[in-house]
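A.B. asks: Please see the structure below; I have some questions.
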Amino acid sequence: MLAGKGFEHVINMSGGIKKWDQPVAVGDVEQGLALFTGDESPLDTLVTAFSLEEGLREFYLSMIERVRRPSVKGLFAKLSDIEVLHQQRILKEYNALSGEDWTVETFGPRRAAPAMEGGLTTEEYIRMFDPDLESPADVVSLAMSIEAQAFDLYERASNRSRDDDSRKVLRRIAEEERAHMTQLGKLMAQL
Amino acid sequence: MRWKQFLTPVKSMNAQQIREFMQQHAADEFTILDVRQPEEYQQEHLPGAKLLPLPELSERLDEIDPAKPTIVY
């Protein structure tokens, strides 16, 4: 059908999603979109993105207390540090657009409603993926799934956005989430 | 008869090849199109996939860019 409608480059994924061995996203097309109505300014969009990263960072920090193995504690600490880097990147863009001079520490109290990255709560993620929290591979796999969910959310939010500049911001963040998945894939390979 | 349909190549790639294709392109350079039913999409979908169920596809094709490579599943 697509080929007959002017689509120049159609690629059929043989075997369908059953053959896909990478992280998937879950939920309907509205999942998490209460966070992005489509009318946000670029600055509002960045505040929400910062908050989502903050939620994920707090999640990883809370996990340090929940696990026993020192190596897994270290892994969660590393994952939380990575989220700080993501926050710094978002804040750099926020500061450039606003002409203000926030740091992660000063911006934190300004954050929007707490929510997990990807629009799911901590407990929802744990329930959904049911990871062995003492297994480094399971932990990284969980992190990759969260990044996949976040990428999916930002893609859907960018499609919904009615503000051209906000859409560009969301696309950039989505692309970064995709890069995070690749980084975590490399981390997994090192385990 | 839709002759163009026969003349336009539709490639088939396996999951590994699709993954490599994605790694080589920015996310806004291609479309991932999920033509399954909403319940199937809800259960699991490729991150970033656009849901256009097959029964609605012909009426909603204007929602995707025909100039970009389109990965369909």
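The values are calculated or read from the model by the stated rules, or taken from the named source; none is laboratory data. Quick caveat: nothing in here was measured; it's all calculated off a predicted structure. Here the Cβ is made from the backbone with ideal geometry for all residues, glycine too, and neighbour counts use every protein chain on show. The area values use the complete protein model at the heavy-atom level, side chains included, leaving out ligands, DNA and RNA. Shrake-Rupley method; radii C 1.70, N 1.55, O 1.52, S 1.80 Å.
A.B. asks: Could you tell me which of rounded, prolate or oblate describes segment A:13-66, using a ≥ b ≥ c as the square roots of the eigenvalues of the alpha-carbon gyration tensor, with rounded for a/c under 1.5 and, failing that, prolate when a/b is larger than b/c and oblate otherwise?
C.D. replies: Oblate, because a/c is 1.5 or more while a/b does not exceed b/c.
A.B. asks: Counting only helical runs of four or more DSSP H residues, what would the 222 nm mean residue ellipticity of chain B come to if each run contributes -39,500 (n - 2.57) and the total is spread over all its residues?
C.D. replies: Rounded to the nearest 500, it is -8000 deg cm²/dmol.
A.B. asks: Could you grab the relative contact order for chain B? Cα pairs under 8 Å, six or more apart, rounded to a whole percent.
C.D. replies: The value is 35 percent.
A.B. asks: Hey, another quick one. Within 10 Å of each Cβ in peptide B:19-27, how many partner chain Cβ atoms are there on average? Round it to a whole number, please.
C.D. replies: 3
A.B. asks: Give me a comma-separated list of calculated 3J(HN,Hα) values for segment B:28-41, in order, Karplus coefficients 6.51, -1.76, 1.60 applied at θ = phi - 60°, integers in Hz, x for any Gly or Pro.
C.D. replies: After applying 6.51 cos²θ - 1.76 cosθ + 1.60, I find 8, 9, 8, 10, 9, 10, 9, 9, 7, 7, x, 5, 5, 4 Hz.
A.B. asks: Moving on. Going Cα to Cα from A:K92, which lysines come in below 23 Å? Please leave out same-chain ones fewer than 8 positions away.
C.D. replies: The qualifying lysines are A:K78, A:K168.
A.B. asks: Now for a separate question. Quick one: what are the phi-derived ³J(HN,Hα) couplings along segment A:94-103, Karplus 6.51/-1.76/1.60 with θ = phi - 60°, whole Hz, x for glycine and proline?
C.D. replies: Result, rounded to whole Hz: 4, 5, 5, 6, 8, x, 9, 9, 8, 10.
A.B. asks: Using Cα pairs under 8 angstrom and six or more residues apart, how large is the relative contact order of chain A, in percent?
C.D. replies: Relative contact order, chain A: 29 percent.
A.B. asks: Can you sort A:L35, A:L97, A:L2 by solvent-accessible area, 1.4 Å probe, largest first?
C.D. replies: The residues order as A:L97, A:L35, A:L2, largest area first.
A.B. asks: Check each of the GluC sites (Glu not before Pro) in segment A:1-58 and keep only those in coil by DSSP with at most 15 other C-beta atoms within 10 angstrom; list them in order. Spell out each step's value before the answer.
C.D. replies: Working: sites: A:E8, A:E30, A:E40, A:E53, A:E54, A:E58; in loops: A:E8, A:E30, A:E40.
Loop-located and lightly packed - A:E8, A:E30.
A.B. asks: If you don't mind, there's one more thing I want to ask. Would you compute, from DSSP H runs of 4+ residues alone, the mean residue ellipticity of chain A at 222 nm, taking -39500 (n - 2.57) per run and dividing by the full residue count, rounded to the nearest 500?
C.D. replies: The helix-only estimate for chain A comes to -21000 deg cm²/dmol at 222 nm.
A.B. asks: For the protein assembly as shown, what is the charge dipole size about the Cα centre, in debye to the nearest 20, if Lys and Arg each add +1 at the Cβ and Asp and Glu each add -1 at the Cβ?
C.D. replies: With only Lys, Arg, Asp and Glu charged at Cβ, the dipole is about 840 debye.
A.B. asks: Given A:S51, A:L79, A:V140, which one lies farthest toward the positive end of the charge dipole of chain A, if we put +1 on the Cβ of every Lys and Arg and -1 on the Cβ of every Asp and Glu?
C.D. replies: Projecting each Cα onto the dipole axis, the largest value belongs to A:V140.
A.B. asks: Scan chain A and hand back the longest stretch that contains none of the trypsin sites (Lys or Arg not before Pro) lying in DSSP loops with at most 12 other Cβ atoms within 10 Å.
C.D. replies: Counting at most 12 other Cβ atoms within 10 Å as exposed, the longest clean stretch of chain A is A:69-161.
A.B. asks: Something else: How large is the charge dipole for segment B:13-72, taken about the Cα centre, if only the Cβ atoms of Lys, Arg (+1) and Asp, Glu (-1) carry charge, to the nearest 20 debye?
C.D. replies: 180 debye
A.B. asks: Next up: Give me the percent of DSSP beta bridges within the protein assembly as shown that run antiparallel, rounded to the nearest 5.
C.D. replies: 10 percent
A.B. asks: Another question, then. Can you work out the Karplus-derived ³J(HN,Hα) for every residue in segment A:2-13? Use 6.51 cos²θ - 1.76 cosθ + 1.60 with θ = phi - 60°, whole Hz, and x for glycine or proline.
C.D. replies: Result, ordered by residue: 4, 4, x, 10, x, 6, 7, 9, 9, 10, 8, 7 Hz.
A.B. asks: Let me ask another. So for segment A:36-190, taking the charge dipole from beta-carbon charges (+1 Lys/Arg, -1 Asp/Glu), which of A:L170, A:T37, A:Y125 sits furthest toward the positive end?
C.D. replies: Projecting each Cα onto the dipole axis, the largest value belongs to A:Y125.
A.B. asks: Still on this structure, I have one more. Provide, as a two-decimal number, the C-alpha radius of gyration of the protein assembly as shown over 2.2 N^0.38 Å, N being how many residues it has.
C.D. replies: 1.05
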